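Below is one structure, written out as structure tokens, with a few remarks after it.
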Amino acid sequence: MSSQLNNYKSFTYLSLDDSLCAYRLSQAIFSLYHLKIPEYLQQQGSQNSLQLAQALKVDYVILEHLLEIAITLNLIEKDEQNYYKLSSEGLRLCPDTPNSVIPILTHHDYGYKAWGELTNSLRTGKTAFEQVYEQDIFSYFRQNSEQNLLFNRFMEQTTQAWLATLEVEKNYKFSGHVIDIGGNIGALSALLLQQFPELQATVFDLEQAMVGAENLLSDAGVSERCSLVTGSFFEPETIPKNGDIYLISRVLLNWNDEKVKEILKNCYNVMPSESKLLILDFILFDTISTSELLASLNLWVMFGARFRRKHEFEQLLQESGFTSLRWIHLNEMIFFLEAIPA
Ligand SMILES: C[S@@+](CC[C@H](N)C(=O)[O-])C[C@H]1O[C@@H](n2cnc3c(N)ncnc32)[C@H](O)[C@@H]1O
């Protein structure tokens, strides 16, 4: 492991002193968002700090400090008359703007509390999120409809931003009937159905994850070739049995090895003998950036999981009964891994 550690790229632009208080910046941004300052400026146009303080009922002087921080982050601009207005980057803190950061901001916002338990979770192996919120994250989504919707929106956004640009459809010939395991609101299935006119798909996920799926599929014009099935991959009897390709996209990264094997074995047990398993996930190579490592720690904090290396995926698949593994790399970190039930 130490030789791999030598290859880790690190942030060079944050000093130790700056790193220690980096949380202040994210908290300042969360406050801008929760006070609805971006939304207010978007709707009302330029305002001076007094007008803003009165409208938001906050202390005028400390509000100015927050606004000046936002200026240094290029979120807000100030004119010669000391009127503040939203920058184009700041517009991303408003709902319903293209490229809005609110879905990921929300994830970091509830994640922040869980990150406070990082040390304990490293010591005990217990998932920090579950220690803080007394339930796992998917149960939390079931009870918090707003966070659930925003998580689904985040999945849709990242499918568009990452997967659509990787042209997954050009790297793998999809045919027959795809079962999209943990397919969320079906953003990836919709993309594939648009690219492969003969393809059929079933999106399979927990009930709460399907909120918004019908609209997404209908907007994409693929509803007729896509069905929605609710269930759990931990309840094998609920997993659809009629697939040609069992697609598991960005799901295994949420689970520890034991749970991954349970998911894979449950799929294995219902898969027709001619069908294929197709994993779409992230992989760690020897050279890893600090942001990838932080994302891996985030998986640990939120889900009790972490990014995996190539050989770890291979071992998990083999131990779950799969064979004939074939790697198809989509970029330096995202891949397809095809396997068939042995
Ligand atoms: C990180 S998201 C990935 C969504 C989608 N596959 C994608 O690539 O955008 C993980 C998905 O796993 C689903 N999931 C979690 N637990 C599940 C379970 N027990 N059975 C089925 N799906 C589950 C979540 O609801 C969520 O939609």
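Each reported figure results from applying straightforward, stated rules to the coordinates on display, with no laboratory input. As the structure is a prediction and not an experimental result, all values here were calculated from the model. So basically every Cβ, Gly included, is an ideal-geometry build from the backbone, and we count neighbours across all protein chains shown.
Using a Förster distance of 25 angstrom, determine the FRET efficiency expected from the C-beta separation of residue 224 and residue 175, and round it to 0.05. If you can, show how the numbers build up before the last one.
Details: r = 18 Å, r/R0 = 0.70.
Calculated transfer efficiency: 0.90.
How far apart, in nanometres, would the label points at residue 211 and residue 238 be if each is projected 7 angstrom from Cα along the Cα-to-Cβ direction?
With each label placed 7 Å out from Cα toward Cβ, I get 1.7 nm.
Between residue 144 and residue 273, how many nm apart are label points set 7 Å from Cα along the C-beta direction?
In this crude spin-label approximation the distance works out to 4.8 nm.
Loop-only GluC sites (Glu not before Pro) in region 120-187, please: DSSP not H, G, I, E or B, and at most 12 other Cβ atoms within 10 Å. Intermediate results must be reported in sequence, preceding the final value.
Working: sites: 130, 134, 146, 156, 167, 169; in loops: 134, 167.
Qualifying residues, ordered by number: 134, 167.
Which value, in debye to the nearest 20, describes the size of the charge dipole of region 117-192 about its Cα centre when Lys and Arg Cβ atoms bear +1, Asp and Glu Cβ atoms bear -1, and nothing else is charged? Present the calculation step by step, with values, prior to reporting the outcome.
Details: 6 positive and 9 negative charges, 34 e Å.
So the dipole magnitude of region 117-192 works out to roughly 160 debye.
Once the dipole of the chain is set up with Lys and Arg at +1 and Asp and Glu at -1 on Cβ about the Cα centre, which of 61, 208, 128 lies farthest towards its positive end?
Of the options given, the answer is 128.
Net charge near residue 106, counting Lys/Arg +1 and Asp/Glu -1 over other residues with Cβ under 10 Å of its Cβ?
Numbers: positive: 153; negative: 109, 146.
Spelling it out: positives minus negatives among the neighbours equals -1.
Only Lys, Arg, Asp and Glu count, each charged at its Cβ (+1, +1, -1, -1), so figure out the dipole size of the chain about its Cα centre, rounded to 20 debye.
Values: 26 positive and 42 negative charges, 91 e Å.
Using only the charged Cβ atoms, the result is roughly 440 debye.
As a quick test, which of the pairs 259/310; 36/78; 241/261; 126/241; 173/261 have an alpha carbon distance above 28 angstrom in this structure? Please list the in-between numbers first.
On the way: 259/310 18 Å; 36/78 18 Å; 241/261 19 Å; 126/241 34 Å; 173/261 26 Å.
From 259/310; 36/78; 241/261; 126/241; 173/261, over 28 Å: 126/241.
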